[in-house]
Amino acid sequence: MDIVLSHIYKSFENPVFADLSCTFKSGTLTALCGSSGSGKTTLVNIILGFEKPDKGDLVFEKKPVFSVVFQEDRLMEELSARENILLNGCNKDECDRLLKLFGLDESKDRVVSKLSGGMKRRVAIIRALTYNADIYIFDEPFKGIDSEMKEIVMASVRKMLCGKTGILITHDLNETKIADIVLDLDKIKKGV
């Protein structure tokens, strides 16, 4: 499902976007990067409907179903890692396979409040990946994950989102290697 943003204007205290137009292509994973304050999260919040543009159009082919990894984990702290993932109705075998792949097999029955920050991120990623959605949005999903595990998680995200529409917000250019397309908001806003 294409996401088309046309002539978007958005200001808070200061202008964030002035006449921004871009398209997120159906079936592709797009890395959205740019400097701090360039509007990455604001743009995604407009796509999700959390923010309204001051002017401009946002067009979808149909009303989309989103699966999101927010900057905050937004997990049910009193439930186990496994229970958090199964809340989305995913297959138990697939849940257990991903928990093992992401190094969480021995922690799957621990309550989330007892997990480290990096472990919580991995649970949030699995939960998002296993939800049947039209559009997948990951806002700085790999923060706090150690480098060795990060490579495994990134490869899994790439594989599972193949052929699906996804947006990866990142400030780490190394993470953009899993994307089909890279959109640099700083360059777009300068007309480069």
- Query: residue 18 versus residue 180, label points 7 Å from Cα toward the beta carbon: distance in nm?
  - Reply: 3.4
- Counting Lys +1, Arg +1, Asp -1, Glu -1, what net charge surrounds residue 27 among other residues with beta carbon under 12 Å of its beta carbon? -1
- Task: For segment 84-174, divide the Cα radius of gyration by the Kirkwood radius and give the resulting Rg/Rh value with two decimals.
- Result: 0.93
- With a 10 Å Cβ neighbour count serving as the proxy for reagent exposure, in which order, fewest first, do 153, 68 appear? 68, 153
- Förster radius 22 Å - calculated FRET efficiency between residue 36 and residue 146 (Cβ-Cβ, nearest 0.05): 0.40
- Principal semi-axes in Å for the chain [√(5λ), Cα gyration tensor, largest first]: 30, 16, 16
- Message: I need 90, 33 ordered by Cβ neighbour count within 10 Å, fewest first.
- Response: 90, 33
- Item | Where chymotrypsin sites (Phe, Trp or Tyr not before Pro) in DSSP loops with at most 11 other Cβ within 10 Å are excluded, longest remaining stretch of the chain | 51-192
- Message: With a cut-off of 8 Å between alpha carbons and a minimum separation of six or more residues, what is the relative contact order of the chain in percent?
- Response: 33
- Among the trypsin sites (Lys or Arg not before Pro) within segment 21-114, which fall in a DSSP loop and have no more than 11 other Cβ atoms within 10 Å of their own Cβ? 62
- By Cβ neighbour count within 10 Å, fewest first, 65, 112 rank 65, 112
- Item | Ratio of the Cα radius of gyration of segment 80-125 to 2.2 N^0.38 Å, where N counts its residues | 0.99
- Site residue 79, offset 7 angstrom along Cα→Cβ, radius 15 Å on amide nitrogen, limited to segment 139-171, gives none
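Rule-based calculations on the coordinates, nothing more; no lab input. Quick caveat, the model's predicted, so the values are computed rather than measured. In this analysis, Cβ positions are derived from the backbone assuming ideal geometry, glycine residues included, and neighbour counts consider all displayed protein chains.
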